[in-house]
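Everything on this sheet refers to the single structure shown next.
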Amino acid sequence: MLFTPAFKKYLLVISTVLLGNVAPVQAALETLPCGVTVEPCFSYTHTCSAMVVQFIQSAKRRIFLAGYAFTSREITRALEDAHLRGVQVHLVLDKSNELSRVSTAPQLIAHGIDVRINHRYAIMHHKFIVADDAVGFGSMNFTYAGNQRNAENFTIFRHAPSLTTHYATEFVRLYQEALPYVSRIEPHKKRSSFLP
């Protein structure tokens, strides 16, 4: 298999981080020869949610977010703020968010943000964000556990128009097959005080 020089450089950066030759912070943002910048984050640093929030804050025109679990209050607030700034914000989430009591999808909808649910697959397990002309993706769910408890990753790619286009196209495809969010949580049923 042939690798481009840019990808070889990326592998060198990643392997250097993995082998421990360079502190992760020093290698976190590397400009590749083709102009692409790669900003990886690993959850053991407990900074991935903050990086995602900064990524959302950088958006001026559009944010497309596809996610499985969505409970992060920090990311929810960043999306609400982006919406208030006039950024177009659209989400496609897994159907489990309709049954979750901790999903922040209802809060986003209350703030006028477009949230759709994809029912087509056993699980809609994507975790990516397109912000203007950049894209970020990884294994991390947009949750507290994804940032604090699990072994996860999230990487942002800037100045990678082809990659961003692929993810924006995938988002549009998911969006078109999704339906508007509807909570499917049953109201708490009162317990009867009648004792037999």
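Read-outs: derived from the displayed coordinates by stated rules, not from any lab. Note that the structure is predicted; figures quoted are calculated from it, not measured. Quick reminder, even Gly has a Cβ in these numbers, built from the backbone with ideal geometry, and neighbours come from all protein chains shown.
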Note to self: Over the range 35-170, what portion of Cα pair distances is larger than 27 Å, expressed as a whole percent?
What the structure shows: 12
Notebook entry, point to check: Label points 7 Å out from Cα along the Cβ direction at residue 169 and residue 37: separation in nm?
Noted result: 2.6
Note to self: What does the extension gain come out to for residue 45 and residue 73, with contour length at 0.36 nm per residue minus their alpha carbon separation?
What the structure shows: 8.2 nm
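Rank the residues 94, 114 as a footprinting-exposure proxy: fewest other Cβ atoms within 10 Å of their Cβ go first.
Ranked by crowding around the Cβ, least crowded first: 114, 94.
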Check: Say R0 is 22 Å: what FRET efficiency, to the nearest 0.05, do residue 122 and residue 182 get from their beta-carbon distance?
Finding: 0.65
Check: Contour minus end-to-end for residue 144 and residue 88, with contour as 0.36 nm per residue of separation and end-to-end as the Cα-Cα distance?
Finding: 17.7 nm
Next item on the list: Within the range 56-159, list the trypsin sites (Lys or Arg not before Pro) lying in a DSSP loop whose Cβ has at most 13 other Cβ atoms in a 10 Å radius.
Entry: 60, 61, 85, 101, 120, 149
